[in-house]
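The values are calculated or read from the model by the stated rules, or taken from the named source; none is laboratory data. Only a predicted model underlies this, so the values are computations on that prediction, with no experimental measurement involved. Ideal geometry is used to build each Cβ from the backbone, glycine not excepted, and the neighbour counts take in all protein chains shown.
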Amino acid sequence: MFRNILGGAVLFSMAAIAPPAFAQATCAERTKITDNLVKNFGESHIGGGLQSGTQMIEIWSSAETGSFTILLTRANGISCIVSSGQNWDSFVTASMPDGVQS
């Protein structure tokens with residue numbers, strides 16, 4: 001009985017100090033990740049922007065399958081997959097002439 005209690009306590013303490021699953025992003029050299037997105041998912045770079053002076057957010061998507069991937073790319077060339085999913089929907093908003101508000 002003591003062995004079961006001790007085993008449960010050890011298991012609980014390990015789970016309590018482990019990082020959450022969502023905090024464990026997949027990171028690698030940017031070219032390795034983007035080559036994989038093109039080859040295995042048919043995705044292409046559709047947009048992005050600077051998040052800070054050293055990080056850029058990139059959005060990759062496939063018009064055929066609707067899959068998408070959001071990358072965080074650092075200045076050192078390492079990219080991390082922040083999110084991915086299905087049913088990406090791209091839409092274009094009409095630009096308004098200067099001074100006209102919608």
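Of all residues being touching a helix residue (DSSP H, G or I) at 6+ places or on another chain (Cβ under 8 Å) and part of a loop (DSSP other than H, G, I, E, B) in the stretch 64-92, which is surrounded by the most Cβ atoms within 10 Å (Cβ to Cβ)? Just the residue, please. So that I can check it myself, show each step before the final result.
At the first step, the residues of the stretch 64-92 found to be touching a helix residue (DSSP H, G or I) at 6+ places or on another chain (Cβ under 8 Å) are 65, 67, 69, 71, 73, 77-79, 81.
Applying the additional criterion that residues be part of a loop (DSSP other than H, G, I, E, B) yields 65, 67, 77.
Numbers: Thr65: 13, Ser67: 19, Gly77: 10.
Restricting to residues being touching a helix residue (DSSP H, G or I) at 6+ places or on another chain (Cβ under 8 Å) and part of a loop (DSSP other than H, G, I, E, B), the top hit is Ser67.
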Within the bounds of the stretch 21-39, is there any residue that is within 14 Å of the chain's Cα centre (by Cα), part of a loop (DSSP other than H, G, I, E, B), modelled with pLDDT under 95 and of a type in the set (A, V, I, L, M, F, W, C)? yes
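Out of all the residues in the stretch 53-63, which are exposed (fewer than 11 other Cβ atoms within 10 Å of the Cβ) and modelled with pLDDT of 90 or more?
Residues of the stretch 53-63 that are exposed (fewer than 11 other Cβ atoms within 10 Å of the Cβ), as a first pass: 53-54.
Once the filter is applied, which keeps residues that are exposed (fewer than 11 other Cβ atoms within 10 Å of the Cβ) and modelled with pLDDT of 90 or more, the stretch 53-63 yields only Thr54.
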